[in-house]
Amino acid sequence: MAADDRDLMVAVALRKFLVANVDVSWFITIAEKWLDGQQHYVDIVDVNPPVSMLLNVAPVFLARLSGLPPEVTLDALIFLAAGLSLWLASRIVLDAKLVAPRHVWPLTTLVAIALVIIPAQNFAEREHIALIAFLPALALSAVRSKGGTPNWPMVVIAGLCAGIVVIIKPQFATAQLCAIVASAICVRSWRVVFAAENWIGAALFAAYVLLVLLIYPRFFTDMLPPVIAAYIPMKEEFFSFIMHAALPLWAAILLLIARSKRKAMFAPPFCVLLAASVGFAISYVVQQKDWPYQSYPMLALALVALAFALVDRDPADGQSGQLSRLVAGLTAVAMAVVTFSWMNIAVDRSAVAAAIREISPHPKMLALSSDMSIGHPIVRQVGGIWVSRPCALWLTLGAESRRFSETLDPQTNARFKAYAKSDRVMLTEDIERNRPDVILVQVVKDIDW
């Protein structure tokens, strides 16, 4: 059995044994509601732009056609997308002769591990999908860094992929920008910045923003102001944030790469891969949350760079060189295991799900909490119906946190009180209208619900 076949089998098995992802479960739920005719940002209140929901519409639609659970069809489409992305990226680098033929299958296998095994509990998260989409654009940037001229079909594909990445999360433009700048520095020409694929990606993103303005104006008028005021500022204390596993682990991987490659780590095309990892790291630090999934792209690309560095070492090394390579390889495996463990941090509320099943076979549910993991994926695990418009009372948490942690002027304080009140009014209306069978309650950060 080939190594890539074994990787796929492990990845498929993991989907059965790992805890379902909170965000993915919520996005599947709102995709179902949207297909049932409910209006986004009216009957469904979500903090994210519409693409987060739209990414899950096709899996839900296919699930309804096939009779399979949406989680299964989503996983299948992610595996398909990962395979397609790997094939496109490999064609780009092979056509440009950036990789020796003997390295193709080992490197493809290692990248596949980063795409389908390392994500662990965060499989199908937006960061995971974004990295899958990013690979062809990254491969093209690597070709540009060597002064290559890719063919037009690959330019168009890479440009579309780059646009998709930024559509999924606009802050991921940092990764794209870092890769482009690295390529421009390598060839000493800023023309790379204005290459066709970059214009295609920018045009796709602009078209998406225009469509959201036309189709979902409420996102900009009703959702974006409280998101900017109350949600984005919710950040972990910086010292605590940098002590989480992500940044120390990322730094350790870069140090091992530096030890293996030395000055060659700054040479093309390898430096483009590192630059993209740095770009995703910038996005992670700017968000300053303690959520592992936001660190996935930077860690996955760093691990891929480390794998490339080890595979690319001279096979003619002497005995001491071979021993050094073995030690480096074992260290890399250890770092991959630690990354997997960090990605697999999740709250398992299966005991709560078992208690809910005893109440009703298909209970109507909502939550009195700002933590969305209280209700998701539990509602799907018990076959329940989510009858609250938002996933949780995130707006109350953001508003109250700012009111009590900062000195606000009267006008701003009144605005935050209004945000919290709107959450309470919406919750009251949802309870009165839908009469839930189960209300899940949790105290989070000392807010007395």
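Things worth noting here:
- Here segment 237-260 is the region considered, the condition is being under 19 Å from the mean Cα position of the chain (by Cα) and either more than 24 Å from Lys169 (Cα to Cα) or not aliphatic (A, V, I, L, M) (or both), and the residue that is modelled with the highest pLDDT is Trp250.
- Residue within segment 112-121 that is within 17 Å of Cys271 (Cα to Cα) and surrounded by fewer than 21 Cβ atoms within 10 Å (Cβ to Cβ) present: no
- Residue satisfying condition, being more than 17 Å from His128 (Cα to Cα), at pLDDT 95 or above, among the hydrophobic types (A, V, I, L, M, F, W, C) and not in a loop (DSSP other than H, G, I, E, B), within set Ala302, Ala275: Ala275
- Screening Val338, Val379 for residues that are under 30 Å from Met243 (Cβ atoms) and either in a helix (DSSP H, G or I) or not assigned by TED's automatic domain parsing to the domain that holds Ala120 (or both) leaves exactly one candidate, Val338.
- Set side by side, the residues Ala392, Ala420 differ, and just one is touching a strand residue (DSSP E or B) at 6+ places or on another chain (Cβ under 7 Å) and without any contact (Cβ under 8 Å) to a residue 60 or more places away in the chain, which is Ala392.
- The residues of segment 402-444 that are charged (D, E, K, R) and exposed (fewer than 11 other Cβ atoms within 10 Å of the Cβ), listed by number, are Asp409, Glu432, Arg433, Arg435.
Here's the yes/no breakdown for (1) within 23 Å of Ile157 (Cβ to Cβ); (2) modelled with pLDDT of 95 or more; (3) of a type in the set (D, E, K, R):
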site: Val45; (1), (2), (3): no, no, no
site: Pro50; (1), (2), (3): no, yes, no
site: Arg64; (1), (2), (3): no, yes, yes
site: Leu77; (1), (2), (3): yes, yes, no
site: Ala81; (1), (2), (3): yes, yes, no
site: Ser85; (1), (2), (3): yes, yes, no
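- The residue pairs whose first member lies in segment 59-83 and is touching a residue at least 40 places away in the same chain (Cβ under 8 Å), whose second member is among the charged types (D, E, K, R), and whose beta carbons are closer than 8 Å, counting only pairs six or more residues apart or on different chains, are Pro70/Glu32; Glu71/Arg15; Glu71/Arg380; Asp75/Arg15.
- Within segment 7-25, being in a helix (DSSP H, G or I), more than 16 Å from Thr73 (Cβ to Cβ) and in contact with an Asp or Glu (Cβ under 8 Å, 6 or more places away or on another chain) holds for one residue alone: Asp23.
The values are calculated or read from the model by the stated rules, or taken from the named source; none is laboratory data. Since we're looking at a predicted model, the values are computed, not measured. All Cβ positions, even for glycine, are placed from backbone atoms using ideal geometry, and neighbour counts span all protein chains on display.
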